[in-house]
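A.B. asks: After the structure tokens below, expect a handful of questions from me.
The values are calculated or read from the model by the stated rules, or taken from the named source; none is laboratory data. Keep in mind that what you see is a predicted model, and the values were worked out from it rather than measured. Here the Cβ positions follow ideal geometry from the backbone for every residue, glycine too, while neighbour counts run over all protein chains shown. Accessible surface areas use protein heavy atoms only, side chains included; no ligands, DNA or RNA. Shrake-Rupley method; radii C 1.70, N 1.55, O 1.52, S 1.80 Å.
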Amino acid sequence: LSAHMRCRGKVRAQASSAYRARTADFLELTKPRITVLVLVTTLAAFYLGTSGTVALLPLCHALLGTALVASGASAFNMYLERNLDALMRRTTDRPLPSGRVQSGEALIFAVLVSSAGMIYLFVFVNHLTGLLSALTFLSYLFLYTPLKTRTWLSTIIGAVPGALPVTMGWAAATGGLSLGAWVLFGILFLWQL
């Protein structure tokens, strides 16, 4: 009985370890450091767009939806660049090139997370913020990502989806886009260059 219990304990420990490793791999797909930067710019724009007291619930909704969209876009980016990542020493240990996550799993994860974020923003924040999240997502994946290997102009193009989260934060706070949102967009756009 004692040997059986030890064996079951080892199996549970191995399963727990495998679960944590798998969770870490999916978390890595979301590029957490980039997602945090996106959230900081969204938060700053929400704050600057607010007149009076910051409404915490709308802010939390905006940040959660934005985090989901940014995470999904990053996972989708890793899916699209998995073959290139396999060629570079710096990126060969990422979850897809290393084989720890299968490409189909990553694609499903990316679609579910980013779609959930856009829908969340449409429903719990406002339609403009949801539309801006879709524009950010699409321009990042289907303009910037494919141009990275083709032209240096991709840096300029990539600065657009990199700066759009400030418009999302502003729109979440105000329901619209005024001059202040575009000034913040311009500052972040130029800073990235």
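A.B. asks: Are there any helices (runs of 4 or more DSSP H) wholly within the stretch 55-158 with 1 or more residues that are under 19 Å from PHE189 (Cβ atoms) and touching a helix residue (DSSP H, G or I) at 6+ places or on another chain (Cβ under 7 Å), and if so which?
C.D. replies: Numbers: elements: 56-80, 82-85, 103-124, 127-139.
Because the criterion is at least 1 residues that are under 19 Å from PHE189 (Cβ atoms) and touching a helix residue (DSSP H, G or I) at 6+ places or on another chain (Cβ under 7 Å), the helices (runs of 4 or more DSSP H) in the stretch 55-158 that meet it are 56-80, 127-139.
A.B. asks: Return only the number of the condition from (1) over 28 Å from SER178 (Cβ atoms); (2) open to solvent by 30 Å² or more (accessible area, probe 1.4 Å); (3) in contact (Cβ under 8 Å) with a residue 24 or more places away in the chain that THR145 does not satisfy.
C.D. replies: With (1) over 28 Å from SER178 (Cβ atoms); (2) open to solvent by 30 Å² or more (accessible area, probe 1.4 Å); (3) in contact (Cβ under 8 Å) with a residue 24 or more places away in the chain applied to THR145, the lone miss is (2).
A.B. asks: Restricting the search to the stretch 44-54, which residues are among the polar types (S, T, N, Q) and over 22 Å from PHE185 (Cβ atoms)?
C.D. replies: Of everything in the stretch 44-54, just one residue is among the polar types (S, T, N, Q) and over 22 Å from PHE185 (Cβ atoms), namely THR53.
A.B. asks: Related question: Is it true that some residue in the stretch 173-193 is surrounded by fewer than 15 Cβ atoms within 10 Å (Cβ to Cβ) and under 21 Å from THR30 (Cβ atoms)?
C.D. replies: Checking the stretch 173-193: at least one residue is surrounded by fewer than 15 Cβ atoms within 10 Å (Cβ to Cβ) and under 21 Å from THR30 (Cβ atoms).
A.B. asks: Among the residues of the stretch 157-166, are any out of contact with any Gly (no Cβ under 9 Å at 6 or more places or on another chain) and without any contact (Cβ under 8 Å) to a residue 24 or more places away in the chain?
C.D. replies: yes
A.B. asks: Which condition does THR23 not pass, out of (1) open to solvent by less than 50 Å² (accessible area, probe 1.4 Å); (2) under 22 Å from SER115 (Cα atoms), if it passes all the others?
C.D. replies: Looking at each condition in turn, THR23 falls short on (1).
A.B. asks: Just need a number here: residues in the stretch 81-106 that are open to solvent by 80 Å² or more (accessible area, probe 1.4 Å) and of a type in the set (D, E, K, R).
C.D. replies: Of the residues in the stretch 81-106, 4 are open to solvent by 80 Å² or more (accessible area, probe 1.4 Å) and of a type in the set (D, E, K, R).
A.B. asks: Just need a number here: residues in the stretch 36-78 that are within 16 Å of SER115 (Cα to Cα) and either of a type outside the set (A, V, I, L, M, F, W, C) or free of Cβ contacts under 8 Å to residues at least 12 places away in the same chain (or both).
C.D. replies: 7
A.B. asks: Which ones in the stretch 107-137 are farther than 27 Å from PRO95 by Cα and open to solvent by less than 10 Å² (accessible area, probe 1.4 Å)?
C.D. replies: Passing the criteria: LEU121, THR129, GLY130.
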